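Here the structure comes first, spelled out in structure tokens, and everything after it is commentary.
The values are calculated or read from the model by the stated rules, or taken from the named source; none is laboratory data. Predicted model, so just to flag it, every value in this text is computed and none were measured. With ideal geometry, Cβ positions are generated from the backbone for all residues, glycine too; neighbour counts draw on all protein chains shown. Side chains included, ligands, DNA and RNA excluded: accessible areas come from the protein's heavy atoms. Shrake-Rupley method; radii C 1.70, N 1.55, O 1.52, S 1.80 Å.
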Amino acid sequence: MNDRLAERVRQRADWATALSDRIWELAEVGLQEHQSSALLAEELAKAGFEVTSGVADMPTAFVATYGSGKPVVAILGEYDALPGLSQKAVPRREPLREGAPGHGCGHNLLGVAGVAAAIALKEEMESSGLGGTVRYYGCPAEETLVGKVFMVRDGLFDDVDAALTWHPAALNSVWAASSLANNSAKFRFYGRSAHAAANPDMGRSALDAVEIMNVGANYLREHVVEKARIHYVITRGGGEPNVVPAEAEVWYYVRAPKREQVEEIYQRLLLCAKGAAIMTETEYDVEFLAGCYQYLPNRVLGKLLHQNLRKVGAPPFDEADRQFARQLRETFAPGQQEAAVSRFKELAEELRGKDLHDGVLPLRESDEVMPGSTDVGDVSWVVPTAQFATACTVIGAAGHSWQMTATSGMSIGHKGMLTAAEVLALTVRDLLTRPEVLAEAREEFRRATEGSPYRCPLPQGARPPHHQLEKH
Ligand SMILES: [Zn+2]
């Protein structure tokens, strides 16, 4: 495509690739992305952006602004890794560092594409005299649904007219589907320890309370909306079988298609905890860790993203990429690729037998709900927001997998990232130059949120869960 702005992005290809590889190697988990966020913030500052670090009570959150006045267009970036997914950029399981985190969701690519787009836009605005404000949001801890929720609560999006983001995936597409709203909380029970054989009558087991709470939650499942998801892990269950556990802890996620459904189910889960405590004569407390909204896609902005995604086209994969993809596909579970493809119903035929996506999916009007959660949801309820995906991995690769870490650190991921950067840059420019599109997006947003204004899912006075999450 012959476009000066797209050319500016492409000129940054080597720089962006090196930066994303550096963050890929660092692989820092949520709220600990100190070096990764500093790298991105420094590049933006060097390019002339005004950077404010440590916003919303999170040292790894930042905002970088260029330009002045309206409109204000935001690009959202993420850079947190996932525990246990360390992996070399090779198509077989080989950790870079045994047991260490890895970029199994490709957020190294996610963060850098937005920075590349923002800097290219700044150069373009400078040389063409184009007005308005471009703002990059460095959003930490997406995986634990923390960063953007606190950034929204602290009013960082109050003057923003539109927000854009993207995500590495296997297919080039605009996300028309919603996502699941979520609450994350830990339940801690306190009993009385005793010798489990000699004095069990003296003990009151906190682990019993956790187990009974889980039994309650497992019965609750049948009586909630169909698309709700309730999952838990027991994070503390006692030391040895011969000691009645005096303390135990279980960590829950409650998800559902709508925020109010999550709130209702969560209230009922609190009753399970209360009931378990009564039955076991234990005390308990609840620590609310995070909550987020379902994603509200803005169709007007989505259409614009789609036009630009088609203009830029699929990432230019070559034979070496295809060979890597074939080898990686060999590591999938039987039927994994086919299962991923058949979800696309009428489009499945076109995708079948392909390892790398070489097209752009048509724009779909969809009432679907993606079975996952993202804190982009909270931004989308205060600002018209749209997001898209580019092919950065092999069709059928699971999200949050070592295979995804592998492709996020090599040319397949790099090419997807550069495609995303071009699409972001072109779309922001459209929004800076076409006020009628922004007005239309705003009107759609107004209609969609009418009567159900955003209510922060966090309890009053909540602080980002720095310490709680570090343990896991
Ligand atoms: Zn992700």
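Select from segment 294-349 those trypsin sites (Lys or Arg not before Pro) which occupy a DSSP coil region and have at most 14 other Cβ atoms within 10 Å, ordered by residue number.
ARG343
With just the Cα atoms defining each centre, how far is segment 326-349 from segment 180-225? Give it in Å.
The distance from the Cα centre of segment 326-349 to that of segment 180-225 comes to 39 Å.
By the gyration tensor of its Cα atoms, with a ≥ b ≥ c the square roots of the eigenvalues, what is the shape of segment 1-122: rounded for a/c under 1.5, prolate for a/b over b/c, or oblate? Write down the numbers at each step before the final one.
Values: a/c = 2.70, a/b = 1.44, b/c = 1.88.
Taking the square roots of the gyration eigenvalues as a ≥ b ≥ c, segment 1-122 is oblate.
Rounded, prolate or oblate for segment 181-292? Axes are the square roots of the Cα gyration tensor eigenvalues, ordered a ≥ b ≥ c, and the cut-off for rounded is a/c under 1.5.
Here segment 181-292 falls in the prolate category.
Tally Lys and Arg at +1 and Asp and Glu at -1 over the other residues with C-beta under 12 Å from the C-beta of SER193: what net charge comes out?
Residues near SER193 contribute 0 overall.
Give the Debye-formula value of log10 I(q)/I(0) at each listed q (0.06, 0.10 Å⁻¹), with one equal scatterer per alpha carbon of the chain, two decimals each.
One equal scatterer on each Cα of the chain leads to -0.28, -0.75.
In degrees between 0 and 90, to the nearest 10, how far off the longest principal axis of the chain does helix 34-46 point, with axes built from Cα atoms?
The two axes meet at around 20 degrees.
Roll a 1.4 Å probe over the protein heavy atoms and report the accessible area of VAL29 in Å², nearest 10.
30 Å²
If you line up the long axis of helix 13-26 against the longest principal axis of the chain, both from Cα atoms, how many degrees apart are they, to the nearest 10?
10 degrees
Keeping all protein chains in the complex and leaving out DNA, RNA and ligands, what accessible area do you get for ASP208 with a 1.4 Å probe, in Å² to the nearest 10?
For ASP208, the solvent-accessible surface is approximately 70 Å².
For the chain, take the longest principal axis of its alpha carbons; what is the angle in degrees between that and the long axis of helix 299-312, to the nearest 10 within 0 to 90?
60 degrees
Given the protein chains as shown and a 1.4 Å probe, how many square angstrom of HIS223 are accessible, to the nearest 10?
Accessible surface of HIS223 is approximately 110 Å².
Straight distance only, please: which aspartates and glutamates reach the Cα of LYS70 with their own Cα at less than 14 Å, same-chain residues fewer than 8 apart left out?
ASP158, ASP159, ASP161, ASP430, GLU436
Once phi is turned into ³J(HN,Hα) by the Karplus curve 6.51 cos²θ - 1.76 cosθ + 1.60 with θ = phi - 60°, what whole-Hz value does each residue of segment 145-158 show in order, with x for glycine and proline?
Once rounded to whole Hz, the list reads 6, 10, x, 5, 5, 6, 5, 5, 4, 7, x, 6, 9, 4.
Please give me the summed charge of the neighbours of ASN183: other residues whose Cβ is under 9 Å from its Cβ, Lys and Arg +1, Asp and Glu -1.
Combined, the nearby Lys, Arg, Asp and Glu give 0.
Whose amide H sits under 5 Å from the amide H of ALA163, counting only residues 5 or more places off or on another chain, with H placed in the peptide plane?
ALA74, THR385, ALA386
Leaving ligands and nucleic acids out of the surface, order THR390, THR144 by accessible area at 1.4 Å, largest first.
Heavy-atom accessible area, descending, gives THR144, THR390.
Name the residues whose placed amide hydrogens come within less than 5 Å of the amide hydrogen of ALA181, ignoring near sequence neighbours (fewer than 5 apart) on the same chain.
ALA256, LYS258, GLN294
In the chain, which longest range has no GluC sites (Glu not before Pro) that are both DSSP loop (not H, G, I, E or B) and surrounded by at most 14 other Cβ atoms within 10 Å? Provide the component values of the computation, followed by the final result.
Values: sites that count: GLU98, GLU226, GLU281, GLU330, GLU365, GLU368, GLU450.
By the stated rule (loop sites, at most 14 other Cβ atoms within 10 Å), 99-225.
Relative contact order of the chain: what whole-number percent is it, with Cα pairs under 8 angstrom and at least 6 residues apart?
Once normalised by length, the contact order is 23 percent.
Taking a ≥ b ≥ c as the square roots of the eigenvalues of the Cα gyration tensor of segment 222-274, is the shape rounded (a/c under 1.5), prolate (a/b larger than b/c) or oblate?
Because a/c hits 1.5 or more and a/b exceeds b/c, segment 222-274 counts as prolate.
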